[in-house]
Structures are given as C-alpha cells and as structure tokens.
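*Asks:* Mind looking over this structure? Questions follow.
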Amino acid sequence: MRTYHIQEPDLIIKKQVQATLDGLSKPIGSLGKLEGVARKIATIQKTLTPTLTHPHHLIFVGDNGISDEQISPSPKEITWQQAMNIMQGGAGINVFVRQHHFDLVVIDAGTDHDFPTDMGIIDRKIRRGTRNFLHEAALLPDEVNLALQYGEEVVNLIDHHGCNVVSMGELGVGSTAAASMWMSLLTSIPLPQCSGYAFGGKYSDHKLHVLTDALKRFILPVTPMNVMSEFGSLELIMATGAMLRAAELNMVILIDGFLMSTAFLMAYKINPDIEHYAIFCQRSEDKGHRQLLEYLGVEPLLHLNFYVGEGSGAVCAYPLIQSAVNLLTQMSRFDETFTQRTRYDLNDPAIDA
C-alpha cells in the first residue's frame, strides 16, 4: 500500500475564516452546522471565497462472495440489474444527481457480470466478485492494492474535468457484511452492534451467525491491509482509495451513510488527515451507523431514515453544502451594514428639513 500525502489545515486561514463567519450579520454561531461546513470548505480551498465546481458522484459496483451464505433477502443478481437501471436513468440516485447537477460515474469494481461495452460503465473489474470470507480471505493483497489504485484513478479523471467536490456510493449485495467486519475490527465495537438491518428479522440473525463464524477465522494483526484483504469488498476498497486521493487533491468529500462511513473509517486508519476533507451528510438506518459516527466524533447534517445506499443521502444534502458556501461568500458583515446605514442616514434629505 502506498503512502498518501494529505495536507493538514492551514491554521492561519482557518482563523481568518472563523473571524469572517463571526463578523457576518447574524449572532455568532447562530447558523450552527452550516458554519462548520463553510469553515471546512474554505479551509480546504485556502480562501475566504470558496466555490463548488463540477460536482461528481461515483458509484462503485461489485459482488461479494459472502452473499453465497444467503445473508441477504436480495439475490446477488440485483447488483448488476440495478447498475443497469442506474445507467438507464431509472434509479432514485438518478433523480437526485439530475436535480442537483452532479455528473454520475459508475465503475464496475468486480461484478460477476459482463456489462455491454457501450453502456458507459467504467470497467475496472479486478475479479468476478470477492471470495467467500467465511472460508478464506476475500482478496489477495495485490488485489487490494489494485482496487485502491483504481479508486485513485477515477478521482484523477474527475479532477481533470475540474471537479472539486465529490460524493460516493456503492452497489453490491453483501457489502454491508464486509462493512460490519471492518467496523468491528477497526473500532473494537462488538460485532453484534455493527451487523444487521435496521428492520431486523431472520436475515439479521443468520447474518450475525455467519459473520461471527467468519471472525473466528481471523488471527492476523488488525491493520488496514489485513482487514481489507480478509474481509474486503471491492466496491468499498475502491471508495477508500478514491477518498484518499480526493483528499490529496484538496477536494471536498461528501460522506453518505453506513457503507461510505465505513470506507471513510478505513481511509482514516490509513491517514487520519483525511478527516479535514470530509463532510458527513446523513445518518442512515443501518444498525451500526450511529455508533460508528459516535466513534468518529461527527454529527451528520441530516437524518433521513435512509437505507437505500448508492450514496443517495450525500447528494440530497448538497443544497445545504452550497448554502454553507453562499453564506460565507454572499452574506454581509455587521461592520459593512452599519457603515452603509450610516452613509444613507447622512445623505437623507430629511436631515436638512
């Protein structure tokens, strides 16, 4: 795994941004989370007049061998079928990216399906789904490194198109199983608190039983490479690489629900400075997400009761992200307002009457 070089915040510009926010024509701190978002974006871009340009939404698609254990009510074929639906513009995420003017990029990270070459899906298939981690390592270390690299390459592509704000999502039956394993191992939170659907049921119980058995197989040191290799999901690993590269390029990274928060967790374990580039957009209904957010010490902008995936919550939060930028760049300052009113009063003909 290569070393990622992510810049720490410039404390001088951070103080300047805070002073500007405090001087706006409002009570100090009265716009709450939006002020924090504005401060983070301005600090990333090192300017008091930040802009958001050419937002992109990336969806990484892959199959997971653990789905062979019937841990989900959805068959694995749903993965490629929904990817086709997205490319045809018929999914919920299509509605949101159209509404908020995102460019949508779909990447085949490792599906057990051959997409038509003219469909527009970027082919970065490493293998036709991961191995079943109940019985063996999901991926080889070389496959993990290649997935990280491919995630980086997609971000390089959108950077060349002038993108400075990116959101991500995934599509893959069984990816929540991998995310649960990542979360438990990387945070030491017990697996039962990391696994399961928000609505419970027989699949949650069976899934927990399978994952508990899989965890017994793990005897290696807990490192990012070991966790990704043993329990890897290609779509999550590519998202991890994409996040790390986006931070290197000083992009604003919009984090969606449980799965993308888990990819962020992995990226954070690789390089903690990524936290300075991430904005958490929504808390999903997946069972472990609240505890993961508490572990990370973050509070998302929204709680929409989502568990749809595909990065939908991050795109839905985008208008609030834009509002945060606008308040910093368009709102008047108290000293400017006072000066303008004083000048108006002095020139008022009524003064001479």
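The values are calculated or read from the model by the stated rules, or taken from the named source; none is laboratory data. Keep in mind it's a predicted model, so treat the numbers as computed, not measured. Neighbour counts are summed over all protein chains in view; Cβ atoms, including those assigned to glycine, are modelled from backbone coordinates with ideal geometry. Only protein heavy atoms, including side chains, enter the accessible area calculation; ligands, DNA and RNA are left aside. Shrake-Rupley method; radii C 1.70, N 1.55, O 1.52, S 1.80 Å.
*Asks:* Please tell me if VAL173 is open to solvent by 10 Å² or more (accessible area, probe 1.4 Å), more than 13 Å from ALA246 (Cβ to Cβ) and more than 18 Å from the chain's Cα centre (by Cα).
*Replies:* On the way: open to solvent by 10 Å² or more (accessible area, probe 1.4 Å): yes; more than 13 Å from ALA246 (Cβ to Cβ): yes; more than 18 Å from the chain's Cα centre (by Cα): yes.
In short, yes.
*Asks:* On to the next question. Suppose we keep only residues that are in a helix (DSSP H, G or I) and without any contact (Cβ under 8 Å) to a residue 60 or more places away in the chain within segment 269-285. Which one would you say is farthest from CYS316 (Cα to Cα)?
*Replies:* Per the criteria, the residue is PRO272.
*Asks:* Return yes when LEU31 is over 30 Å from VAL227 (Cα atoms) and either without any contact (Cβ under 8 Å) to a residue 12 or more places away in the chain or open to solvent by less than 20 Å² (accessible area, probe 1.4 Å) (or both) and no when it is not.
*Replies:* When the stated conditions are applied, LEU31 does not pass them.
*Asks:* When the residues of segment 97-112 are narrowed to those that are open to solvent by less than 50 Å² (accessible area, probe 1.4 Å) and in a helix (DSSP H, G or I), which ends up nearest to ILE158 (Cα to Cα)?
*Replies:* For segment 97-112, the residue satisfying everything is VAL97.
*Asks:* Turning to a different aspect of this structure: Residue check: is ALA247 buried (at least 24 other Cβ atoms within 10 Å of the Cβ) and either β-branched (Val, Ile, Thr) or in contact with a His (Cβ under 9 Å, 6 or more places away or on another chain) (or both)? Explain how you work it out, then say what you get.
*Replies:* Numbers: buried (at least 24 other Cβ atoms within 10 Å of the Cβ): yes; either β-branched (Val, Ile, Thr) or in contact with a His (Cβ under 9 Å, 6 or more places away or on another chain) (or both): yes.
Judged against the criteria, ALA247 is a match.
*Asks:* So, one more: Could you check GLN193 against (1) closer than 25 Å to PHE306 by Cβ; (2) touching a Pro at 6+ places or on another chain (Cβ under 6 Å) and say which number it fails?
*Replies:* (2)
*Asks:* If you go through segment 1-28 one residue at a time, how many are within 30 Å of VAL227 (Cα to Cα) and either in contact with a His (Cβ under 6 Å, 6 or more places away or on another chain) or surrounded by fewer than 12 Cβ atoms within 10 Å (Cβ to Cβ) (or both)?
*Replies:* Selection size over segment 1-28: 5.
*Asks:* Mind listing whichever residues of segment 305-338 are surrounded by 22 or more Cβ atoms within 10 Å (Cβ to Cβ) and of a type in the set (D, E, K, R)?
*Replies:* Matches in segment 305-338: GLU310 only.
*Asks:* Which ones in segment 34-55 are in a helix (DSSP H, G or I) and either buried (at least 18 other Cβ atoms within 10 Å of the Cβ) or at pLDDT below 95 (or both)?
*Replies:* LEU34, GLU35, VAL37, ALA38, ARG39, LYS40, ILE41, ALA42, THR43, ILE44, GLN45 - these are the residues of segment 34-55 that are in a helix (DSSP H, G or I) and either buried (at least 18 other Cβ atoms within 10 Å of the Cβ) or at pLDDT below 95 (or both).
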